[in-house]
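Quick notes on the structure that follows.
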Amino acid sequence: MNCAICHAGSARETPQSTPVIYAGMPSNTVDLEGFERFIFACASDQRFNAPRVMAEIEAIGGRYDFINRFLLRFYAIPFMRERLLMLKSHFRFAEWEPDAGTGRTDTFNPAKTLLEFPLEKLETRELVGLCDFPSIWMQGLRKQKNLHAHWDGNNSLMEERNKSASFGTGAFPPTIDLKQLARVEQWLLTKEPPKYPFPIDTQLGTQGEKLYAQYCANCHGRNGRDFSGEYVGDVVPIDKIGTDRHRLDSYTEELAVAQNNLYAGYPCRFSHFRKTFGYANLPLDGIWLRAPYLHNGSVPTVRDLLNSSAERPPVFYRGYDVFDQVKVGFVSDVTRFDDEGRSKDEPENPRKYFRFDTQVKPGGATPRDRNEGNSNAGHEGWEYGTMLSDQEKDAIVEYLKTF
C-alpha cells in the first residue's frame with residue numbers, strides 16, 4: 001500500500017471513454033473497507049490452511065526450495081492467518097457503523113484499536129469516524145499558510161500528517177523510510193491539480209467569479225491557486241457549520257493525548273495533534289475532481305451543495321467515474337443505475353456501484369442501524385450561497401470549473 005490507494009482517482013467524459021488517472025485526487029473508485037472485508041473473509045475460511053494454499057501456489061507455477069517450503073507450511077501461512085484474524089477483531093468497529101463504500105474510510109478508529117482503546121466501552125458518538133478521502137495537491141502553499149490538516153483541523157504540521165498516514169498503512173518507527181517519504185512530500189509541495197478538461201462558459205463564469213468573491217472567498221480562498229482569505233484554514237464551530245458531527249466526535253481528547261505520546265525517542269514522534277470543535281475551511285483547488293462533497297461525502301455534486309439539505313439528493317450512487325459536466329461531480333443519480341447498482345449507461349459493465357443513503361433513521365441499537373454519519377445537512381444559509389437564485393448558483397459552479 002502507498003499514497004495512491006487513497007489519493008489517486010479516475011474520471012471519464014462518457015461511458016465509452018477511457019478513464020484518465022489523476023494523481024493527488026481522492027480515490028473515488030476504491031472500496032478500502034470492501035477490500036479489508038474480503039481479506040478477513042479469506043482468513044476466516046477453513047480452506048485457508050498451509051496444504052491448500054501451497055497446492056494453489058504450485059498450481060500456478062510457484063516453485064520453492066526445502067527451506068522455503070518448510071517456512072511456508074509451518075510458519076508463514078499459519079502466522080498470516082492468525083494475524084489477519086487478529087486484525088479482523090481489531091476492526092470490529094466497522095460492523096457498528098454504516099458501510100464506508102467507495103472513496104471513504106474511517107481514519108481514527110483504527111488508531112484507537114492500535115492503542116488498545118476498549119471499543120465496547122466507548123461512547124456511541126465516538127464509534128463513527130467515516131470521511132471522504134481528501135485531495136493532496138499544492139501542499140507547499142498550505143504549509144506556507146500553516147493551514148490545519150485533516151477535516152477537523154487537528155494538526156497543522158504537514159510532516160506529522162504524512163507520517164500519521166504512513167503509520168495508518170502499516171509503517172512503524174523502526175521501518176518507516178523518512179528519506180523516501182520526504183521525496184513524496186517534496187513532490188507534493190508544488191504538485192498542482194489538473195485543469196478542467198471540458199468546455200467552460202466564460203461569460204457565465206465571469207458572473208460566478210463576482211458571486212464567489214462575495215460568498216465563498218473569505219473561507220475558501222480567492223481562487224484555486226490563491227488561498228488568501230480571512231477565514232481560510234480556520235476551524236468553524238460545529239454548531240455554525242451544521243454538518244454531520246460524527247467524524248468530529250470520533251476524534252477525542254484522549255486519542256490526541258495518546259497520539260502525542262507515541263513513538264517516544266524517534267524523530268517521527270507526534271506533538272501537534274489536538275482536539276478541535278468543528279471542521280476546517282479548506283481551499284478549493286481542483287474542486288471539480290473532489291466529489292462527492294462535505295467531509296463525509298454526502299453531497300454528490302457542487303451544484304447540489306449550493307442547495308439546501310432538503311433539496312440535496314437523499315440517495316445517490318458512489319464509485320462511478322463518468323463526469324457530470326453540468327453539476328460538477330460524477331454521475332450519481334439513482335435513475336442512472338438499476339436496483340443492484342449497475343450503470344444503465346453501461347449494460348456490459350458488471351460492476352455494482354455503492355448506494356449511498358444520507359437519511360438517518362430513528363431507533364436502532366447501533367449507529368449502523370440508524371445510518372448515522374451519512375447526513376447531508378449543513379453548509380446552508382445566505383453565507384453559504386444556498387439562498388441564491390438558480391442562475392446565480394449555476395454561475396458559481398461554472399467559475400469553480402477554473403479551479
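Values in this text are rule-based calculations from the coordinates and carry no lab data. Just so we're clear, the structure is a prediction, and the values are computed from it rather than from any experiment. FYI the Cβ positions are ideal-geometry reconstructions off the backbone, even for glycines, and counts take in every protein chain you see.
Divided by 2.2 N^0.38 Å, where N counts the residues, the Cα radius of gyration of region 292-366 comes to 1.16. Taking the Cα centre of region 149-219 as reference, the dipole from Cβ charges on Lys and Arg (+1) and Asp and Glu (-1) amounts to some 140 debye.
Of the residues Ile241, Met25, Ser375, the one whose Cα sits farthest towards the positive end of the charge dipole of the chain is Met25 (charges of +1 on Lys and Arg Cβ, -1 on Asp and Glu Cβ, taken about the Cα centre).
Counting only C-alpha contacts under 8 Å and six or more residues apart, can you give the relative contact order of region 104-164 as a whole percent? Relative contact order, region 104-164: 28 percent.
The calculated pair-distance distribution of region 64-208 uses every alpha carbon pair, bins of 10 angstrom beginning at 0, and gives 8, 25, 28, 22, 12, 4, 1, 0 percent. Residues in region 118-129 carry Karplus couplings, in order, of x, 4, 5, 9, 6, 5, 4, 5, 8, 8, 10, x Hz; the curve used is 6.51 cos²θ - 1.76 cosθ + 1.60 with θ = phi - 60°, and Gly or Pro positions show x. Of all stretches in the chain that contain no GluC sites (Glu not before Pro) in a DSSP loop with at most 15 other Cβ atoms within 10 Å, the longest one is 231-339. Note on Lys191: lysines with a C-alpha under 20 Å away, same-chain residues under 8 apart excluded, are Lys143, Lys145, Lys163, Lys179, Lys401. Region 173-233 and region 238-274 have Cα centres separated by 24 Å.
When Tyr215, Tyr231, Tyr75, Tyr279 are sorted by how many other C-beta atoms sit within 10 angstrom of their C-beta, beginning with the fewest, the order is Tyr75, Tyr231, Tyr215, Tyr279. Summarising the amide proton neighbourhood of Val299: residues at separation of 5 or more, or on other chains, whose placed amide H is nearer than 5 Å comprise Tyr293.
Taking the Cα centre of the chain as origin and assigning +1 to Lys and Arg Cβ atoms and -1 to Asp and Glu Cβ atoms, the resulting dipole is close to 1160 debye. As a proxy for reagent exposure, Met158, Met138 were ordered by neighbouring Cβ count within 10 angstrom, fewest first; the result is Met158, Met138.
Subtracting the Cα-Cα distance of Glu346 and Gln46 from their residue separation scaled by 0.36 nm leaves 104.3 nm.
Shape index of the chain: Rg/Rh, with Rg the Cα radius of gyration and Rh the Kirkwood radius from the inverse mean 1/r over Cα pairs, equals 0.98. How many percent of Cα pairs in region 197-333 exceed 23 Å? Percentage above 23 Å: 49. Between the C-alpha center of region 6-20 and that of region 84-105 there is a gap of 27 Å. With the dipole of the chain worked out from charges on the C-beta (+1 for Lys and Arg, -1 for Asp and Glu) around the Cα centre, which of Ala55, Leu255, Gln207 lies farthest toward the positive end? Farthest towards the positive pole: Ala55. Excluding residues on the same chain fewer than 8 positions from Lys344, give the lysines whose Cα lies under 26 Å from its Cα. List returned: Lys327, Lys352. Largest GNM mean-square fluctuation among Ala310, Ala377, Ala43, using the chain with Cα springs under 10 Å: Ala310.
Computed over region 21-126, the percent of Cα pairs more than 20 Å apart is 56. Each residue of region 236-251 is assigned a 3J(HN,Hα), and the resulting list reads 8, x, 4, 5, 7, 6, x, 7, 3, 8, 4, 4, 5, 5, 5, 9 Hz, derived from the Karplus form 6.51 cos²θ - 1.76 cosθ + 1.60 (θ = phi - 60°), x at Gly and Pro.
Divided by 2.2 N^0.38 Å, where N counts the residues, the Cα radius of gyration of region 279-403 comes to 1.11.
Per the Debye calculation on region 139-180 with a single equal scatterer at every Cα and no solvent contribution, log₁₀ I(q)/I(0) for q = 0.15, 0.18, 0.21 Å⁻¹ amounts to -0.41, -0.56, -0.71.
Annotation for region 303-359 versus region 139-162: alpha-carbon center distance of 31 Å.
Put in line by how crowded their Cβ is, counting other Cβ atoms within 10 Å and starting with the fewest, Val302, Val235, Val257 read Val257, Val235, Val302.
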